[in-house]
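Everything below concerns the one structure shown next.
Just so it is clear, none of the values below were taken in a lab; they were calculated from the coordinates. Treat the numbers as computed from the prediction; the structure is a model and nothing was measured. Methodologically, a virtual Cβ is constructed for each residue, glycine included, from the backbone with ideal geometry; neighbour enumeration extends over all protein chains shown.
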Amino acid sequence: MGLLIDTSVLIGFERGDADLSAYIRGREDEETFLSVISASELLHGVHRAKNAKTSARRLAFVEGVISAIPILEIDLSAARSHAQLWSDLARRGRMIGFHDSWLAATCLAHGLRLATGNIREFKKIPGLDVEEWT
């Protein structure tokens, strides 16, 4: 089973709150991906920086991440999974963040485990394999 790394994990790593290598150690053979959604969220942080120095630091981090981790695009199977998930969550009155629903749908569609620091949100999704990285 492969692994999709959530934005929250990477932000924690960038801030020095998490040691990413500790989670990856011993799992080097496991396929690891970054969603195009997370790439967008990270780049959004670059654009929202309060000054040029912070923007440059964030951009260097983001470019390093997206060059090191394969980007998983949204495809038709993820779109189908997302539509079903969105409908189910709405019906149950248990909506999660829109970007998070795309990450979850991508994992469900491709049989991936999600590595996240946002366990509370993702635990609402039946069948989603979630691993907490804080």
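Per the helix-only calculation at 222 nm, which mean residue ellipticity applies to the chain, given -39500 (n - 2.57) for every DSSP H run of n ≥ 4 and division by its residues, nearest 500 deg cm²/dmol? Don't skip to the end; give the middle numbers.
Values: 7 runs with 77 residues, N = 134.
Taken over the chain, the calculation gives -17500 deg cm²/dmol.
Packing-wise, with mean Cβ within 10 Å as the measure, how do 17-26, 106-115, 3-12 rank, highest first?
Numbers: 17-26: 12.4, 106-115: 20.8, 3-12: 22.7.
By packing density, highest mean first, the sequence is 3-12, 106-115, 17-26.
Please compute the modelled spin-label separation between T54 and D29, points set 7 Å along Cα→Cβ, answer in nm with one decimal.
Roughly 4.3 nm, to one decimal.
Report the residues of the stretch 91-131 in range of a label on R80: point 7 Å along Cα→C-beta, backbone N strictly under 11 Å from it.
From the stretch 91-131, the list is 109.
So if I take the alpha carbon set of the stretch 7-83, get Rg, then get Rh from the Kirkwood formula, what is the Rg over Rh ratio? Spell out each step's value before the answer.
Working: Rg = 14.1 Å, Rh = 13.8 Å.
Ratio value, two decimals: 1.02.
Can you give the angle from 0 to 90° between the axis of helix 36-47 and the longest principal axis of the chain, with both taken from C-alpha atoms, to the nearest 10?
40 degrees
So what does the Cα-only Debye profile of the stretch 2-132 read at q = 0.13, 0.14, 0.18 Å⁻¹, as log10 I(q)/I(0), no solvent term?
-0.55, -0.63, -1.00
Tell me the angle of helix 98-110 to the major Cα principal axis of the chain, expressed in degrees between 0 and 90 and rounded to the nearest ten.
That helix lies at roughly 70 degrees to the long axis.
If you take the charge dipole of the stretch 2-132 about its Cα centre, with +1 on Lys and Arg Cβ and -1 on Asp and Glu Cβ, which of A109, S35, Q84 is farthest toward its positive end?
The Cα lying farthest towards the positive end belongs to Q84.
If you filter the stretch 12-41 for GluC sites (Glu not before Pro), then keep DSSP loop positions with at most 14 other Cβ within 10 Å, what is left? Provide the component values of the computation, followed by the final result.
Numbers: sites: E14, E28, E30, E31, E41; in loops: E28, E30, E31.
Answer by residue number: E28, E30, E31.
In debye, nearest 20, what is the charge dipole magnitude of the stretch 1-94 about its Cα centre with +1 on Lys and Arg Cβ and -1 on Asp and Glu Cβ, if you could check? Write out the running numbers ahead of the final one.
On the way: 12 positive and 13 negative charges, 123 e Å.
It works out to roughly 600 debye.
In nm, to one decimal, how far is the modelled label at R15 from the one at H44, with both set 7 Å along Cα→Cβ?
Using points 7 Å along Cα→Cβ, the separation is 1.6 nm.
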